[in-house]
2 protein chains.
Amino acid sequence: MDFNTSTLKDFEEAHDRIRNHIHRTPILTNATINEMAGCSISFKCENFQKVGAFKARGGMNAILGLSDADKQKGVATHSSGNHAQAVALAAKVAGIKAWIVMPSNAPKVKKDAVKGYGAEVIECEPTIDAREDTLNAVIQENGALLIHPYNDERIIIGQGTATKELIEDAEKDFDYILTPIGGGGLISGAALVSHYLSPNTKVIGGEPEAADDAYRSFKSGQLVKNDGPPKTIADGLLTNLGDKNFEVIKKYVHDIYLVNDAEIMVALRLVWERMKIIIEPSCAVPLAVVLKNKSVFENKNVGIVLSGGNVDLGKIKFD
Amino acid sequence: MDFNTSTLKDFEEAHDRIRNHIHRTPILTNATINEMAGCSISFKCENFQKVGAFKARGGMNAILGLSDADKQKGVATHSSGNHAQAVALAAKVAGIKAWIVMPSNAPKVKKDAVKGYGAEVIECEPTIDAREDTLNAVIQENGALLIHPYNDERIIIGQGTATKELIEDAEKDFDYILTPIGGGGLISGAALVSHYLSPNTKVIGGEPEAADDAYRSFKSGQLVKNDGPPKTIADGLLTNLGDKNFEVIKKYVHDIYLVNDAEIMVALRLVWERMKIIIEPSCAVPLAVVLKNKSVFENKNVGIVLSGGNVDLGKIKFD
């Protein structure tokens, strides 16, 4: 698929493909947070999505869209987290084989969840090189098809269905829609589908200061990477931007804002305390952006995709 | 009102009175928790209720049901937490004056919330004696009417509307409905309304071992108190049972089970991690009861009233 020729129909087909296998998650609002932010925010709750994150959408779209011949080959990926569960769940729904390469230090509960869906877990050393080498070996040995977590049109279109639902269900015209940026799958899907469904909506990305590769790429027009492994509480956003994602972001995203870990934790605590829902730190980034840039969003209709709720509670400490 | 002559009509009138001023909170289910518990659980999410707890219902019913002459007098109560906010909110809705006695060590955020509803906060020393003395002085000086947090028919009927909605909305026949027990307002309302709407449902209370006055009262048939101030993570359940609540519990509650703080924290963590919603420790007690007594609830339809989500995040530590 070429994004220059993609249409709304691609999103509609993806949505029809996955509709019965994902949750149409609720949209929540909170009067206190609106008052604090000075705008009207609709939160699309993908923390309540299957596997606890929007990733279920992309994995489901990529795998259910395979030809019967390709399904026979099975699928493979490497992931320490949500994408692993998304691929395992989608493979289970499709009734096909899945090999998931996971770092040996991934939490046992996550490995067990992947195994619980019937996928085969292959452990490797916890480095990017070991993960990629092991994945390549698995693909070579089994002939499985790679399901990349974000740098893949089928994934981008699948993740975009979250924003499609937000626009369809909120019954208002959004001035802004915000998502976090890691590899770029969520925001590129959001920007594309908004372009078709709600062309006056500006799509904005939020990124942690310590993992600002998308920000620097966007501002310079050249795809750059993070310097070394980034350190931020937003551990779902450590990945470097994919080139396919960057192509969409350059063309359809309005702007990218940075926030630091302290700002992320203020936003996270606000959502936990006021909305009584669990979101992961990565997921708090867009609200942190809104709270930090009140003049930009003042009195506007703002949509935020709450990306996920898979948090290691032992690592979250409040004063 | 005499509970021996109360009818379903009392609950219907209360529900009509408060309906437009409270949330009809959602009922959530979770496949993983059902599998772990070995039964089918419907969670009535009063953590999403106004003021973050079911207490909004009782306060609203008591205050909106006052005669015009009584409304002129204003209302008063003492509370360090949810009931304070419930009375303040209801007084605001009714457009009447409220005096709330709060211990000086109550969190500033809670005092501010009460003041935010327009109620007058009177601070006192953080002892039960000081709270009661101060409240009596406030009532004497202003002629305000006492709104007791649980030992009051109007409060009991109001809290019962949470269980009424659970029974009406769940579209299943419950074998069991469980609530936590503190002063007894929530469970006595639940037991009464279940008796009318779903007479085959057994209503069960959950109580922390360290604050087991309701358990001992229920088992002995004699109303007894906790020995000294109880120490448990379930800080919403420290109160001694009211005599009016005990009257209902003796007659309509099926049984009371005890759980310890470790069991409460396992249940709380399960709800946070799997359902992605914030509940307070007191609120986790009924699920802890179900997980501890699997043979009792095996393959049954179980309703649990999630009582509230007002948690001091700084006090919650996970491994």
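The values are calculated or read from the model by the stated rules, or taken from the named source; none is laboratory data. Note that the structure is predicted; figures quoted are calculated from it, not measured. So basically every Cβ, Gly included, is an ideal-geometry build from the backbone, and we count neighbours across all protein chains shown. Protein only, heavy atoms only, side chains kept; ligands, DNA and RNA dropped before computing areas. Shrake-Rupley method; radii C 1.70, N 1.55, O 1.52, S 1.80 Å.
With +1 on each Lys and Arg Cβ and -1 on each Asp and Glu Cβ, and nothing else charged, work out how big the dipole of the range B:56-146 is about its Cα centre, in Debye to the nearest 20. Display every interim value, and only then the final one.
Values: 10 positive and 10 negative charges, 90 e Å.
For the range B:56-146, the charge dipole is close to 440 debye.
Residue by residue along B:163-174, Cβ atoms of other protein chains within 10 Å of the local Cβ number 0 on average. Between residue A:76 and A:99, A:145, A:146, A:147, the built amide H atoms are under 5 Å apart, and every one of these is 5 or more places off in sequence or on another chain.
Seen against the Cα atoms of chain A and their longest principal axis, helix A:153-169 is set at about 40 degrees.
Over all pairs of different C-alpha atoms, the range A:105-249 has a mean inverse distance whose reciprocal, the Kirkwood radius, equals 17.0 Å.
Amide H to amide H distances under 5 Å link residue A:303 with A:42, A:176, A:177, A:178, where only residues 5 or more positions off or on other chains count and H is placed in the peptide plane. Shown for residue A:142: label points 7 Å from Cα along the beta-carbon vector, and their distances to the equivalent points in the other copies, 6.9 nm in ascending order.
Run through the DSSP bridge list for the range A:56-146 and note the antiparallel percent, rounded to the nearest 5.
0
As a test of the definition: which semi-axes, in Å, follow for the range A:56-146 when you take the square root of five times each eigenvalue of its alpha carbon gyration tensor? Largest first, please. Before the final figure, lay out each step's value.
Numbers: eigenvalues 79, 45, 19 Å².
Values for the range A:56-146, descending: 20, 15, 10 Å.
DSSP assigns beta bridges within the protein assembly as shown; of those with both partners inside it, close to 10 percent run antiparallel. Exposure check, 1.4 Å probe, all protein chains in place: residue A:112 carries approximately 70 Å² of accessible surface. Using R0 = 25 Å, the C-beta based FRET efficiency linking residue A:31 and residue B:36 works out to 0.10. Kindly compute the accessible surface that chains A and B hide from a 1.4 Å probe when together, both sides summed, and give it to the nearest 100 Å². The A and B chains share an interface burying roughly 1500 Å². Compared with the dominant Cα axis of chain B, that is its longest principal axis, helix B:261-270 is turned about 80°. Counting only other chain Cβ atoms within 10 Å of each residue's Cβ, the peptide B:271-279 averages 6. Rounded to the nearest 10 degrees, the inclination of helix A:185-197 to the longest alpha-carbon principal axis of chain A is 60 degrees.
Note the per residue figure in Å³ for the convex hull of the C-alpha positions in the range A:211-296.
105
Computed on the Cα atoms alone, the convex hull of the protein assembly as shown gives a volume of 155 cubic angstrom per residue. Tell me, what does the Kirkwood hydrodynamic radius of the range B:44-86 come to in angstroms if you use every pair of distinct C-alpha atoms? Value: 11.2 Å, from the Cα pair sum. For the protein assembly as shown, a simple Cβ point-charge model (Lys and Arg +1, Asp and Glu -1, everything else neutral) yields a dipole of about 360 debye relative to the Cα centre. If you look at the Cα atoms of the range B:99-151, you get an Rg and a Dmax of 11.0, 28 Å.
In a simple Cβ point-charge model (Lys, Arg +1; Asp, Glu -1; nothing else charged), chain A has a dipole of about 540 debye relative to its Cα centre. Taking the range A:1-104 as the region of interest, the number of lysine pairs whose Cα atoms are within less than 27 Å, with members eight or more places apart or on different chains, is 19.
GNM remark for chain B: springs join alpha carbons under 10 Å apart, and the peak mean-square fluctuation among B:155, B:249, B:128 falls on B:128. Using every pair of separate Cα atoms, the Kirkwood estimate puts the hydrodynamic radius of chain B at 19.4 angstrom. Its residues counted as N, the range B:17-101 yields a C-alpha radius of gyration over 2.2 N^0.38 Å of 1.38. Only one residue of A:301, A:156, A:201 has its Cα farthest out toward the positive end of the dipole of chain A, where Lys and Arg carry +1 and Asp and Glu -1 on Cβ, and that residue is A:301. Separation of the range B:9-60 and the range A:135-173, taken as the distance between their Cα centroids, equals 36 angstrom.
Using only alpha-carbon positions in the range A:35-186, the gyration tensor eigenvalues give semi-axes of 31, 17, 13 Å once each is multiplied by 5 and square-rooted (largest first). The longest part of chain A holding none of the exposed loop GluC sites (Glu not before Pro), meaning those outside H, G, I, E and B in DSSP with at most 11 other Cβ atoms within 10 Å, is A:1-170. The portion of the accessible surface of chain A made up by carbon and sulfur, rounded to a whole percent, is 46 (1.4 Å probe; DNA, RNA and ligands excluded).
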